[in-house]
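Step one of this worksheet: look at the structure below.
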Amino acid sequence: MVRVLTVANQKGGVAKTTTVLNVAAALAEMGERVLMVDLDPQGSLTLASGFAPDDLEASVYDGLMKDAAAERFLLSTRFGVDLLPSNMDLSLAEMELMNMVARERRIGAMLAPLLDRYGWILIDSQPSLGLLTVNALASCDQVLIPVACEFLSLRGVEVLIRTMGKVRVRLNSRLRVVGILPTLYDTRTRHARESLEAVQQHFGREYPVLPQVVPRSIRFSEAAQAGLPILAFSPGSPGTEVYREVALELKRRAPGTPEEGAAPGALRRLGPATGPPPPGGREDRARAWRERVWGTVGPMRNLPLRPSRAPGSSTAGGEGGGLPEGGSE
């Protein structure tokens, strides 16, 4: 069984990447097998996971446009989550996809061989509603929408929901909003409090607004600069607890379990996944995650970014440099 979830909002700067990174880490901490997919040409998720996009030998672009097997560019992070990375090559895909057959289903085809390996696949979409985002929506069952507690963020949600309606009719009838997640909440400002109230009142009638609220914190940027989720970088911070609660909430809201080994809705028709799932139960994986992360992450905080091969992958990128100032989007 696998749950494919897209984190989307056409507005940038609402903590999409931060949400993917930290929900993925929280799920891994619970013993889940998790894959992240970076669908943003800026490569923010790739950077925030500890890799240098410019040094990748292959990326999501190769899987989408050249039919390269995902095994070729599958990376393993230092915090127990796998990643399909991205770089600026992906910026060419929007134009190149226009002339391709089944252009809205390229992501689904790329992910299909990996479905039986993971319990969760989290897709970080780009801040626009182009073909890459439509691909993400066509290949998932659920969408999580981060909304910054700022007035201008509300408009982006309405546009995204309209786009989802079109995708649901034409490409993916199972698509639904699993939740709207308020982010970047600053308790010191009246504007943030009013914006949070507006999100809850405006969208809460038709869509689930998650009870968790992600605070604005410099710790998220510091963690991203270190190439780590906040759960590993600052385990005692308020942001860590919030994202653990978000992950639990998403598990509670997950759709009914499909038959063993089946792909979720939109991907199931692409054919069965191949190969047995990795050994070990959820509790064993959770224990291994704690031993791996807490045993190694402390002294690794200030190391240069470096890629690592995921089990079974054939290549990885070269050595990379540090992140620029600031954190993930």
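Brief remarks on what is shown
- Identity of the residue in the range 10-28, farther than 16 Å from residue 135 by Cβ, touching a helix residue (DSSP H, G or I) at 6+ places or on another chain (Cβ under 8 Å) and at pLDDT below 95, that ends up surrounded by the most Cβ atoms within 10 Å (Cβ to Cβ): 14
- The single residue among 143, 159, 199, 214 that is touching a Cys at 6+ places or on another chain (Cβ under 8 Å) and among the hydrophobic types (A, V, I, L, M, F, W, C) turns out to be 199.
- Qualifying residue in the range 29-49 (condition: touching a Lys or Arg at 6+ places or on another chain (Cβ under 8 Å), surrounded by 24 or more Cβ atoms within 10 Å (Cβ to Cβ), at pLDDT 95 or above and not in a helix (DSSP H, G or I)): yes
- Yes/no for residue 97 being buried (at least 23 other Cβ atoms within 10 Å of the Cβ) and under 29 Å from residue 163 (Cα atoms): no
- Any hit, the range 183-206, residues being at pLDDT below 95 and closer than 21 Å to residue 137 by Cα: yes
- Subset of the range 190-239 [touching a helix residue (DSSP H, G or I) at 6+ places or on another chain (Cβ under 6 Å) and closer than 24 Å to residue 158 by Cβ]: 209, 210, 212, 214
- The requirement of being under 24 Å from residue 82 (Cα atoms) and either outside any helix (DSSP H, G or I) or among the β-branched types (Val, Ile, Thr) (or both) is not satisfied by residue 231.
Here's the yes/no breakdown for (1) outside any helix (DSSP H, G or I); (2) within 18 Å of the chain's Cα centre (by Cα); (3) surrounded by 14 or more Cβ atoms within 10 Å (Cβ to Cβ); (4) not aliphatic (A, V, I, L, M):
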| residue | (1), (2), (3), (4) |
| --- | --- |
| 188 | yes, no, no, yes |
| 191 | no, no, no, yes |
| 200 | no, no, yes, yes |
| 205 | yes, no, no, yes |
| 224 | no, yes, yes, no |
| 236 | yes, no, no, yes |
| 240 | no, yes, yes, yes |
| 250 | no, yes, yes, no |
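- Qualifying positions in the range 4-33 - within 13 Å of the chain's Cα centre (by Cα) and of a type outside the set (A, V, I, L, M): 6, 9, 16, 17, 18, 19, 22
- For the range 161-186, the tally of residues that are small (Gly, Ala, Ser) and buried (at least 16 other Cβ atoms within 10 Å of the Cβ) stands at 1.
- Test: residue in the range 64-80 that is part of a strand (DSSP E or B) and crowded, with 23+ Cβ neighbours inside 10 Å: yes
One line per residue, one yes/no per condition, for (1) modelled with pLDDT of 95 or more; (2) buried (at least 24 other Cβ atoms within 10 Å of the Cβ); (3) not in a helix (DSSP H, G or I):
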{"position": "86", "(1), (2), (3)": "yes, yes, yes"}
{"position": "116", "(1), (2), (3)": "no, no, no"}
{"position": "127", "(1), (2), (3)": "no, no, yes"}
{"position": "132", "(1), (2), (3)": "no, yes, no"}
{"position": "137", "(1), (2), (3)": "yes, yes, no"}
{"position": "150", "(1), (2), (3)": "no, no, yes"}
{"position": "154", "(1), (2), (3)": "no, no, no"}
{"position": "158", "(1), (2), (3)": "no, no, no"}
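- Residue check, residue 57 farther than 24 Å from residue 244 by Cβ, at pLDDT below 95, charged (D, E, K, R) and not in a loop (DSSP other than H, G, I, E, B): no
The values are calculated or read from the model by the stated rules, or taken from the named source; none is laboratory data. What you see is a predicted model, and the numbers here were worked out from it, not measured in a lab. Glycine gets a Cβ as well: all are built from the backbone with ideal geometry, and neighbour counts include every protein chain shown.
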